[in-house]
Amino acid sequence: MLLQILFAKATGTIDEYLPFPALAPTSYVLLAKQCWSTAPSARPSLREVMQRLQAVSAETGLQNCARCSSQPRYPALPP
């Protein structure tokens, strides 16, 4: 998989190899594509990435999503 990503990045076809889920927020997809730019000056700074990710979280209501997904939503049933 890593070689596929590197090849896609080198040839400019990364979108074909890393499709986004249909429900991915447009602002997130645009940010990711900017981060993949072959021109360093076209890539956002880390500060801008953080700000934009926070904005995406706020607009979608997915704050602290990583923490939520690692914990079960409901307690496990006893054996």
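Readers should treat all values here as calculations from the given coordinates under stated rules, not as data from a laboratory. Small disclaimer: the values here were computed from a predicted structure and weren't measured. All Cβ positions, glycine included, derive from the backbone under ideal geometry; neighbour counts span all protein chains shown.
So how much slack lies between Leu53 and Trp36, counting 0.36 nm per residue of separation and subtracting their Cα-Cα distance, in nm? Write down the numbers at each step before the final one.
On the way: separation 17, 0.36 × 17 = 6.12 nm, distance 1.55 nm.
Difference between extended and current length: 4.6 nm.
According to a simple spin-label model (label point 7 Å from Cα along Cα-to-Cβ), what is the distance in nm between Gln4 and Thr60?
In this crude spin-label approximation the distance works out to 2.2 nm.
With each label point set 7 Å from Cα along the Cα-Cβ vector, what nm distance links Thr11 and Leu23?
3.3 nm
Which residues' amide hydrogens lie under 5 Å from the amide hydrogen of Leu18, considering only partners 5 or more residues apart or on another chain, with H built in the peptide plane?
Close amide H contacts, sequence-distant or interchain: none at all.
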